[in-house]
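What follows is one structure encoded as structure tokens, with my remarks underneath.
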Amino acid sequence: MKFAPEYITYVLNENFEDAKALLLSPMMAIQLRAPRDARGPGILSAAEPHTLREALDGVSQAPFAM
């Protein structure tokens, strides 16, 4: 799907930045906690919490730029 540049600039970017400012930090805190809570038989292997943490650490919390 391709959007018009004006739509991206004036609608998507603004809404994305608002959502990111309000929700990203709490959502990241939840996601960082989830692998610890999911350790156990049949849920995550011993290596998976570390792999998930590395992936989450790679998520940028910096402002979005197009």
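The numbers here are math on the coordinates, done by the rules we state, and not lab data. Since the structure is predicted, the reported quantities are computational estimates derived from the model, not experimental observations. Cβ placement follows ideal geometry from the backbone for every residue including glycine, while neighbour counts extend to all protein chains displayed.
Annotations
- Hits in the range 27-47 - residues which are outside any loop (DSSP other than H, G, I, E, B) and either touching a residue at least 40 places away in the same chain (Cβ under 8 Å) or not hydrophobic (A, V, I, L, M, F, W, C) (or both): GLN31, ARG33, PRO35, ARG36, ASP37, ARG39, GLY40
- Whichever residue in the range 1-26 is part of a helix (DSSP H, G or I) and among the aromatic types (Phe, Trp, Tyr) and, among such residues, is nearest to VAL59 (Cα to Cα): PHE16
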